[in-house]
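Accompanying notes for the structure given below.
The values are calculated or read from the model by the stated rules, or taken from the named source; none is laboratory data. Computed from a prediction, not measured in an experiment: that's the story for all the values here. Quick reminder, even Gly has a Cβ in these numbers, built from the backbone with ideal geometry, and neighbours come from all protein chains shown.
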Amino acid sequence: MRHDAVTWLDFRADDLARARDFIRSIQEEGVIDELGFLALLGRFSDLLHPATTTLMRSARYFYFIAGIYRSLEREAVRASQVPQLSRQRQDELRDVLSETEAVGVIGRDAGINLRQFPSLIYWSGLKKLGMFTSNLSESAYQEQFDDIRRSRRGYQDDDKTPQGPEGVRFWADDLPPAGFLDSEGRIRPGATFELTRAEASDLHMRFTSQFPESLLSHMLQHRLVGIDWPWECPKLPKGLAVWVGHARRLSLLVRGATLQYYALLIEARDKLGIEKAADVVAPIFEDWWTAAREPLNQWRTSELVTVPTVASALRPGNRGDRWFIDGWLERCVEASSAEALLRDEKARTLIRERERRVKPAKARLKYEKHLRQWKPDRVGVGVYQFDYRHGIGSRFASEILDGMERGQ
């Protein structure tokens with residue numbers, strides 16, 4: 001079984017499928033947070049695909065980063081040298097991967113102008129998965145290198161054979177060997193995103209033991225790959241099914257509310273003579289209505305508070321998240337058609353109030369300056385569809401399952 005071992009340059013069917021999967025995986029759901037649901041999105045994403053972020057690409061970066069830093073520890077470099085050497089090794093990693101991988105290489109386009117190195121993107125995940133065993137930030141860890149060097153001084157002979165205790169440890173003892181590094185700690189030419197069997201087995205163990213109730217662990221345990229949306233995964237246990245059900249309905253509700261918000265913006269621009277736009281929202285809203293009405297009619301939002309991680313992210317107050325979600329959901333349930341909901345004045349009032357509360361200084365329906373800056377071409381069939389980092393989680397699951405089938 002292989003899902004991701006070839007590139008898309010020859011335009012074979014498998015190559016194109018891989019490219020499409022990757023492109024979907026890097027769509028950052030929270031970039032356009034029109035109505036202020038980013039916190040809820042993040043909490044559900046952490047429940048379903050923990051230890052991931054939207055900026056992650058390949059699962060093997062976990063081992064690349066751990067290998068680079070463990071090598072620097074063995075080299076006994078000074079703390080003042082670590083930031084530069086870490087960036088240098090990660091630049092070398094980018095250059096090697098750019099030769100072997102067609103998609104997913106962090107920094108390929110940015111080059112030396114890269115602002116977020118892989119180590120920064122993956123650091124939180126390294127801690128959550130127990131690979132990095134301290135709560136220190138990356139920069140705080142780098143400051144420990146002088147202490148690491150002093151604690152190890154005298155414990156190794158000339159050929160670097162350990163002669164005694166090595167002092168404080170920051171990395172899990174059972175991490176697989178970094179076979180992608182040469183004897184000098186440099187990235188070997190030809191390194192790829194393919195996990196070794198040892199790496200894949202280690203990461204499988206970490207996800208399923210640290211987050212046994214997550215969707216990602218469920219996908220690993222049941223060998224589920226190629227599934228587009230979380231709610232399309234079969235055999236969900238009861239507790240996970242509850243989370244996924246709420247996540248699906250939240251995604252549907254926010255999509256519908258955002259489309260109605262866009263309709264209001266287009267109308268407001270038209271009234272001010274800013275731009276006469278075609279009715280691009282109505283047909284998309286009609287399709288949304290067909291897919292969303294039945295699931296939303298069955299949604300019991302009172303159950304949201306039974307998921308503590310999510311409930312704690314709800315904006316409090318008499319005009320908070322529950323007020324908007326319940327109010328807009330009520331208008332949706334009572335509406336007789338997509339057109340009726342799109343024109344419903346109570347629903348529209350909820351949208352206007354929501355915008356004023358989540359971005360009071362930049363509300364487009366209140367300030368003409370911001371209304372003029374908005375462009376109707378942002379409206380599309382895929383607008384604001386939450387997938388809760390499922391593209392990233394699916395890629396990780398595929399890479400891990402592929403790696404576990406390798407013979408080494």
Legend entry - Wholly enclosed helices (runs of 4 or more DSSP H) of the range 345-406 bearing at least 2 residues among the acidic types (Asp, Glu) and touching a residue at least 24 places away in the same chain (Cβ under 8 Å): 345-358, 390-404
Inset, instruction - Could you check, for the range 101-113, whether at least one of its residues is closer than 14 Å to residue 191 by Cα and either out of contact with any helix residue (DSSP H, G or I) (no Cβ under 7 Å at 6 or more places or on another chain) or basic (Lys, Arg) (or both)? - result: yes
Legend entry - Single condition residue 332 does not satisfy, out of (1) buried (at least 18 other Cβ atoms within 10 Å of the Cβ); (2) at pLDDT below 95: (2)
Inset, instruction - Please verify whether the range 297-320 includes one or more residues that are of a type in the set (S, T, N, Q), over 30 Å from residue 211 (Cα atoms) and out of contact with any Cys (no Cβ under 9 Å at 6 or more places or on another chain). - result: yes
Inset, instruction - Answer yes if at least one residue in the range 86-95 is over 26 Å from residue 47 (Cβ atoms), in contact (Cβ under 8 Å) with a residue 40 or more places away in the chain and exposed (fewer than 14 other Cβ atoms within 10 Å of the Cβ), and no otherwise. - result: no
Inset, instruction - Identify the single condition in (1) in the same structural domain as residue 183 (by TED's automatic domain parsing); (2) aliphatic (A, V, I, L, M); (3) surrounded by 20 or more Cβ atoms within 10 Å (Cβ to Cβ) that residue 114 does not satisfy, given that it satisfies every other one. - result: (3)
Inset, instruction - Report the residue count in the range 281-298 for those that are surrounded by fewer than 16 Cβ atoms within 10 Å (Cβ to Cβ) and either over 21 Å from residue 327 (Cβ atoms) or not assigned by TED's automatic domain parsing to the domain that holds residue 326 (or both). - result: 6
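Going through 350, 342, 252 one at a time, which residue ends up being touching a Gly at 6+ places or on another chain (Cβ under 6 Å), in the same structural domain as residue 372 (by TED's automatic domain parsing), surrounded by 19 or more Cβ atoms within 10 Å (Cβ to Cβ) and not β-branched (Val, Ile, Thr)?
Details: 342 fails: touching a Gly at 6+ places or on another chain (Cβ under 6 Å); 252 fails: touching a Gly at 6+ places or on another chain (Cβ under 6 Å).
Unique residue meeting the criteria: 350.
Scanning the range 100-111 for residues that are touching a residue at least 40 places away in the same chain (Cβ under 8 Å) and part of a loop (DSSP other than H, G, I, E, B), which turns out surrounded by the most Cβ atoms within 10 Å (Cβ to Cβ)?
Keep residues of the range 100-111 that are touching a residue at least 40 places away in the same chain (Cβ under 8 Å), which gives 100-106.
Restricting the remaining residues to those that are part of a loop (DSSP other than H, G, I, E, B) gives 101-106.
On the way: 101: 18, 102: 15, 103: 19, 104: 19, 105: 21, 106: 24.
Filtering the range 100-111 for residues that are touching a residue at least 40 places away in the same chain (Cβ under 8 Å) and part of a loop (DSSP other than H, G, I, E, B), the one surrounded by the most Cβ atoms within 10 Å (Cβ to Cβ) comes out as 106.
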Inset, instruction - Among the numbered conditions (1) among the acidic types (Asp, Glu); (2) loosely packed, with under 14 Cβ neighbours inside 10 Å; (3) farther than 22 Å from residue 288 by Cα, tell me where residue 377 comes up short. - result: (3)
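Within the range 241-268, which residues are hydrophobic (A, V, I, L, M, F, W, C) and free of Cβ contacts under 8 Å to residues at least 40 places away in the same chain? If you could, list the steps in order and put the result at the bottom.
Just the residues of the range 241-268 that are hydrophobic (A, V, I, L, M, F, W, C), to begin with: 241-244, 247, 250, 252-254, 257, 259, 263-266, 268.
Correct list: 241 only.
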Legend entry - Filtered residue count, the range 320-346, keeping only those that are touching a helix residue (DSSP H, G or I) at 6+ places or on another chain (Cβ under 6 Å) and farther than 19 Å from residue 264 by Cα: 2
Inset, instruction - Say whether the condition of being closer than 26 Å to residue 325 by Cβ and either assigned by TED's automatic domain parsing to the domain that holds residue 305 or in a helix (DSSP H, G or I) (or both) is met by at least one residue in the range 268-279. - result: yes
Legend entry - Of the criteria (1) under 30 Å from residue 341 (Cβ atoms); (2) without any contact (Cβ under 8 Å) to a residue 40 or more places away in the chain; (3) among the aliphatic types (A, V, I, L, M), which one residue 274 fails: (2)
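Listed here are the residues, each with its yes/no results for (1) in contact (Cβ under 8 Å) with a residue 40 or more places away in the chain; (2) within 18 Å of the chain's Cα centre (by Cα); (3) not in a loop (DSSP other than H, G, I, E, B).
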| site | (1), (2), (3) |
| --- | --- |
| 200 | yes, no, yes |
| 207 | yes, yes, yes |
| 225 | yes, yes, no |
| 294 | no, no, yes |
| 303 | yes, no, yes |
| 314 | yes, no, no |
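To keep it simple, each residue is scored yes or no on (1) in the same structural domain as residue 168 (by TED's automatic domain parsing); (2) among the polar types (S, T, N, Q); (3) within 25 Å of the chain's Cα centre (by Cα).
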{"position": "41", "(1), (2), (3)": "no, no, yes"}
{"position": "48", "(1), (2), (3)": "no, no, yes"}
{"position": "55", "(1), (2), (3)": "no, no, yes"}
{"position": "65", "(1), (2), (3)": "yes, no, yes"}
{"position": "78", "(1), (2), (3)": "yes, no, no"}
{"position": "86", "(1), (2), (3)": "yes, yes, yes"}
